[in-house]
Each structure stands twice: as structure tokens, then as C-alpha cells.
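First up is the structure itself, then whatever we jot down about it.
The values are calculated or read from the model by the stated rules, or taken from the named source; none is laboratory data. All values derive from a computational prediction rather than experimental measurement. Every residue, glycine among them, receives a Cβ derived from its backbone with ideal geometry; neighbour counts consider all protein chains shown. Side chains included, ligands, DNA and RNA excluded: accessible areas come from the protein's heavy atoms. Shrake-Rupley method; radii C 1.70, N 1.55, O 1.52, S 1.80 Å.
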Amino acid sequence: MSRFALEGVHVLDFAWVGVGPITTKYFADNGADVIRVESASHLDVLRIGPPWKDAMPGINRSQFFASYNTSKKGITLDLSKPKARELVKRMVPWADIIVESFTPKAMRNWGLDYEKLRAIRPDLIMLSTCMQGQTGPNALYPGFGQLMAALSGFYYISGYGPGSCTPPYGAYTDFIAPRFSAFALLAALDYRRRTGTGQYIDMAQYECAMQNLAPALIDYHATSRVLGPQGNASARYAPHGAYQCADEDGNERWIAIAVAGDEQWRAMLAALAADSEPRFATAPARIENAAAIDQLVGSLTCTHNAHELAVKLQAAGVAAYPVENCVDIHQDDNLEAFGFWHWLEHKEMGASPYEGLEHRMSRTPGTLRSAAPILGQDNDEVFGEMLSLSAEEIEQLKKENVIF
């Protein structure tokens with residue numbers, strides 16, 4: 001039996017920034033051979049984004065880039081040059097999967113679109129992932145996950161009331177789309193296993209994002225209601241939110257609490273040594289008076305240590321967790337017990353911490369097999385051993401800036 005679930009699968013990865021690299025990272029960490037193709041003249045923007053090792057900027061010093069590209073090999077090509085594109089075509093027979101995340105015109109302009117590439121390998125699987133898909137009036141619009149989170153509605157429903165816009169953290173849809181992309185590729189691999197036929201996957205971040213707004217979209221179709229910003233308010237739970245606790249070392253501390261029913265409400269009050277008020281005795285009454293409930297709970301939690309209170313509430317059967325910051329997460333006992341954090345030796349950054357896998361399979365456990373590659377790290381291996389180019393040929397291609 002293979003050690004890894006995807007051992008023997010070959011992936012040629014032209015994607016950059018978030019969605020594509022995260023998708024192919026799932027494959028690489030589970031045993032697939034992934035070759036990441038980059039350009040030295042048009043750098044992946046994550047390579048020039050912090051955090052940098054020791055706060056020293058550099059194209060090989062970004063942990064942002066490194067976290068999304070573990071277990072991969074890295075090569076550099078200038079795809080605007082015909083010789084570079086010919087090298088890609090020589091690699092296509094090796095690839096089971098090709099992934100790209102440019103706007104639709106890029107691969108077509110280079111003659112590297114699916115129709116051209118499957119002429120070289122008929123059972124090829126190819127994934128194209130971009131903002132709004134390969135077709136439609138806005139297909140050529142470029143962008144990042146922050147913009148797509150706005151376009152797909154997440155920014156509108158975030159905030160604490162009318163006139164308030166408090167967007168979710170980061171390029172939100174960049175962390176939704178890879179889950180769909182990875183499963184679509186796995187389904188395509190299974191289909192090819194059964195039929196011998198490859199296929200093309202057009203994956204729009206826009207359509208992926210809609211899946212995480214399904215309740216709001218369904219509600220609109222059923223009732224014509226338009227969901228707007230409502231903070232942490234819930235139609236089913238009260239209290240339901242984050243409540244300030246006692247400061248620690250001069251830093252604010254908060255606890256998240258969700259109470260589902262009357263029994264939990266009474267248990268929460270007992271844990272906080274508080275008396276019940278008749279007007280809050282039932283769940284409908286608490287939901288109707290959510291603002292007053294938040295004020296009451298906040299007045300009760302403000303003198304407590306967040307972590308100690310979470311333990312006490314959990315023991316009483318109340319859903320509660322401290323609101324952790326990045327330092328807390330790196331010191332979390334449960335993550336430590338899982339062996340979640342991995343230290344990998346990077347060629348320039350040295351030993352650096354990486355997030356572990358999001359799953360643990362019993363028979364074929366994945367692992368972070370290597371740190372992310374520095375720019376062009378595996379050029380000689382891939383072009384020399386895989387494509388059988390001589391050292392002289394590789395050197396000449398470097399002089400012509402085909403290979404960097």
C-alpha cells in the first residue's frame with residue numbers, strides 16, 4: 001500500500017497567490033508530486049508580502065508564501081517566451097493535473113489552454129480558477145479574495161447594524177474556494193480512474209462563495225428578506241456573542257458564549273453566580289431582548305479570567321470558548337497534543353513554523369514533506385533530470401531569461 005493517499009499523482013501548478021496554491025498544497029502534503037511554475041519577472045505577490053523571517057524583506061523570506069507551498073518543487077519560466085512554452089509542453093505528458101489561476105486570456109494567449117494541452121495528453125485533468133470563471137461578461141475582471149468577498153455579499157452582511165461595514169478578516173473567499181477545487185480534482189481523478197477520460201474544471205471563486213451564503217440566499221427566495229449586518233445576533237440563541245473579560249497583562253480578553261435553551265441559561269447564571277430575571281426566563285424572551293441580554297452578560301463576565309471562565313462554563317454544559325490571539329494559538333494545549341505545528345528547514349529562512357494538516361487519516365496520513373521552495377530551487381533537477389536537458393542547454397536558457 002502506498003504511504004500517501006495521492007502518491008503517484010503528478011501536478012503541474014501554474015497558480016499563484018492563494019486559491020490555486022492552497023489547492024495544490026493539499027495534494028502535495030498528501031503525497032502528490034507537485035511542480036510549482038513561477039516567474040522571476042512577475043513575482044507571486046505573496047513572495048513580497050509579510051511576515052518575513054526576522055522582519056527582513058526578501059523574495060524567499062515570506063512565511064505567507066511558504067505556508068501555502070509546502071511539499072512542492074519550484075521552477076521558474078518566463079512564459080512570454082516561446083522556448084519556455086515549449087518546455088511546458090514537454091512536461092505535459094508527465095502531468096495528471098494542471099492548475100492555473102490567471103484571468104481566462106492568459107493560458108489561451110500562450111497556447112497553453114485545455115484544448116491545446118489535451119492534444120498532448122488526452123486524459124489530462126485541468127483546473128482553471130479565477131474570480132468569475134472562464135465565461136460571462138465579467139470573466140476578464142482580475143481581483144483578489146477581498147474584492148470577491150465584497151462582490152459575493154459577505155461585506156454587506158458583516159457589521160453591527162445599518163451604516164456599519166466590518167468585513168471578515170483577509171481575502172475571505174481565498175479560503176473557501178480551495179476546498180471546492182480540491183474535491184473537484186479528486187472527483188475528476190476518480191472519474192478518470194473509472195473511464196480513462198480526463199476533463200476540464202472551470203472553478204469561479206464567485207460560485208464557490210455563494211455556497212457559504214446559502215441560508216441567506218434561500219431566505220431571500222422564500223421571503224424576499226435581504227439579510228443585513230446584525231453583529232453576533234442569532235435568531236436561535238441568546239446570549240450569542242463575544243463578551244469582555246478581565247484584562248491580562250494590559251491586554252483585552254474576551255469570551256464567546258452561545259446559549260441554546262433555558263437549561264443552559266440557568267447553568268450559565270449559576271456558573272457566574274448571578275440571579276435570574278423573570279423577563280429573561282424563556283428563550284423567545286431572551287432573543288427578543290438580545291441587546292439587554294448582551295449588556296447583562298457583559299457585566300457578569302468583565303471580572304472573570306477568560307480561560308478559567310470558559311472551563312467553568314463548559315463544565316456546566318454551556319458552549320463557551322476564550323477568544324484567542326495568535327500567541328494563544330501557538331501555545332494551545334490541544335494543538336500541541338495534535339502535533340499541529342511543524343518546524344521545517346527552509347533553504348533561506350532556516351527552521352520556520354508551519355501549520356499542520358487539517359485532517360488526520362489513519363491509514364495514509366499526510367505530512368509536510370518539505371519547506372516551500374525558494375525561487376527556482378529545483379530548476380536543475382526538473383530541467384536536467386526530468387526533461388534531460390544538458391547543463392549547457394540549461395545555462396543557455398538562463399542566459400536568454402527563459403529559465404531564471
| said: Looking only at the stretch 273-288, filter to residues that are part of a loop (DSSP other than H, G, I, E, B) and open to solvent by 40 Å² or more (accessible area, probe 1.4 Å); which one of those is modelled with the lowest pLDDT? | reply: 276
| message | For the stretch 353-397: of the residues being under 24 Å from the mean Cα position of the chain (by Cα) and outside any loop (DSSP other than H, G, I, E, B), which is modelled with the lowest pLDDT? | response | 353
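Check 152, 158, 164, 128 and return the single one that is among the hydroxyl-bearing types (Ser, Thr, Tyr) and more than 25 Å from the chain's Cα centre (by Cα). Can you show your working first?
Numbers: 152 fails: more than 25 Å from the chain's Cα centre (by Cα); 158 fails: more than 25 Å from the chain's Cα centre (by Cα); 128 fails: more than 25 Å from the chain's Cα centre (by Cα).
Matching residue, one of 152, 158, 164, 128: 164.
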| request: Search the stretch 70-95 for residues that are crowded, with 16+ Cβ neighbours inside 10 Å and pair each with any residue that is of a type in the set (Asp, Glu) and assigned to a helix (DSSP H, G or I) when their beta-carbon atoms are under 7 Å apart and the residues are at least 6 apart or on different chains. | output: 70/29; 71/29
| remark: Of those in the stretch 159-183 that are hydrophobic (A, V, I, L, M, F, W, C) and open to solvent by 30 Å² or more (accessible area, probe 1.4 Å), the residue nearest to residue 95 (Cα to Cα) is 183
| Tell me, which residue of the stretch 237-268 that is within 30 Å of the chain's Cα centre (by Cα) and exposed (fewer than 15 other Cβ atoms within 10 Å of the Cβ) is modelled with the lowest pLDDT? | 251
| field | helices (runs of 4 or more DSSP H) (entirely within the stretch 1-102) containing at least 3 residues that are under 18 Å from residue 352 (Cβ atoms) and under 20 Å from the mean Cα position of the chain (by Cα) | value | 19-29, 63-67
| request: Select from the stretch 354-383 the residues that are out of contact with any strand residue (DSSP E or B) (no Cβ under 6 Å at 6 or more places or on another chain) and small (Gly, Ala, Ser) and write down the one among them that is farthest from residue 45 (Cα to Cα). | output: 362
| Looking at (1) assigned to a helix (DSSP H, G or I); (2) farther than 30 Å from residue 309 by Cβ; (3) not charged (D, E, K, R), can you tell me which one residue 270 breaks? | (2)
